There are 2 protein chains.
Amino acid sequence: MQRKYLMASHGHLASGMQSSINILAGKGGELKVIDAYVTDEDYTPQITAFLEDLQDDEQGVIFTDFYGGSVNQKVAAEVVKSGKTNVFVLANANLPLVLGVMLSPEEVLTADNLASMTAEAAPQLVQLAPAKQETAEEELDDFF
Amino acid sequence: MQRKYLMASHGHLASGMQSSINILAGKGGELKVIDAYVTDEDYTPQITAFLEDLQDDEQGVIFTDFYGGSVNQKVAAEVVKSGKTNVFVLANANLPLVLGVMLSPEEVLTADNLASMTAEAAPQLVQLAPAKQETAEEELDDFF
């Protein structure tokens, strides 16, 4: 099933995401973006244009920057108002989530397979192995 | 304890994040950014400059775009090489995480309180109440 993607954010986060997706997967052109509040212009028409452009035999995914934030609320309200049920809204978007969904081999996106993708994209604290400890472990490995 | 922040990403995601943080909290100037792979220039010196600038009585937080990605690996390697233990690296960064950490009232960041912040920032599927269903619920509320 054909998919269409939009990311909407406060500021240039959305276009920044597009740039990253382009560098990592050459697919920046497939992600439409809304950088809201950069100018005073109302961004609602950009959301409705995306929704109107979405065909019944397609699936739409809208990534937003912040759950409960004004952009997220506006997007959710417009999707509900459109009456379309073939659109998913994913909040707290980050690069692994957007990339994971865009590259997902799933024929049809569902709440279930999207839940797996959001779980895999969870932010995390990176465990840094101290240089000294690594050396000690290497020596131990060499010994045994 | 004074904190310093850096975000490093493939492409313009990091500067996009800075723009969003500025719009939402007026703190874009407190987040240093590295937009890697936009030019051929090696971005390692920008990481080491951030680490060298960090004093022993400060804490540093480096946000990266993608766990296991090249930017994340480079950052982690440089932190380990620096020998500094007052730096946290957070991968799969998104807006609620960066904002949450920057606005956190915690006097000292720890692995524990950062774990709470990463959990709260988890990407999620937004449940969209269909317009019809909402109306029905409202009518029910009015009735009782």
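The values are calculated or read from the model by the stated rules, or taken from the named source; none is laboratory data. Model, not experiment: these values are computed from the prediction. Methodologically, a virtual Cβ is constructed for each residue, glycine included, from the backbone with ideal geometry; neighbour enumeration extends over all protein chains shown.
The table below gives the values:
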{"read-out": "Per-region count, segment A:82-113, residues facing another protein chain (nearest Cβ under 7 Å), within 26 Å of B:Met7 (Cβ to Cβ) and of a type in the set (A, V, I, L, M)", "value": "6"}
{"read-out": "Among the residues listed as B:Leu54, B:Leu6, the single one being more than 13 Å from every other protein chain (Cβ to nearest Cβ), under 21 Å from B:Ala115 (Cα atoms) and in contact (Cβ under 8 Å) with a residue 40 or more places away in the chain", "value": "B:Leu6"}
{"read-out": "Helices (runs of 4 or more DSSP H) within segment A:1-109 that include 3 or more residues surrounded by 17 or more Cβ atoms within 10 Å (Cβ to Cβ) and of a type in the set (A, V, I, L, M)", "value": "A:13-25, A:70-82, A:95-102"}
{"read-out": "Meets criteria (farther than 16 Å from A:Ala93 by Cα, within 14 Å of chain A (Cβ to nearest Cβ) and of a type in the set (Gly, Ala, Ser)) for B:Ala25", "value": "yes"}
{"read-out": "Test: residue in segment B:41-53 that is at positive phi, out of contact with any helix residue (DSSP H, G or I) (no Cβ under 7 Å at 6 or more places or on another chain) and not aliphatic (A, V, I, L, M)", "value": "no"}
{"read-out": "B:Asn92 vs. criteria under 13 Å from the mean Cα position of the chain (by Cα), at pLDDT 95 or above and at positive phi", "value": "yes"}
{"read-out": "Residue match in segment A:36-47 (condition: more than 12 Å from the chain's Cα centre (by Cα), closer than 18 Å to B:Val126 by Cα and within 12 Å of another protein chain (Cβ to nearest Cβ))", "value": "no"}
{"read-out": "Selection from segment A:28-45 of residues that are touching a residue at least 24 places away in the same chain (Cβ under 8 Å) and under 19 Å from A:Val89 (Cα atoms)", "value": "A:Glu30, A:Leu31, A:Lys32, A:Val33, A:Ile34, A:Asp35, A:Ala36, A:Tyr43, A:Thr44"}
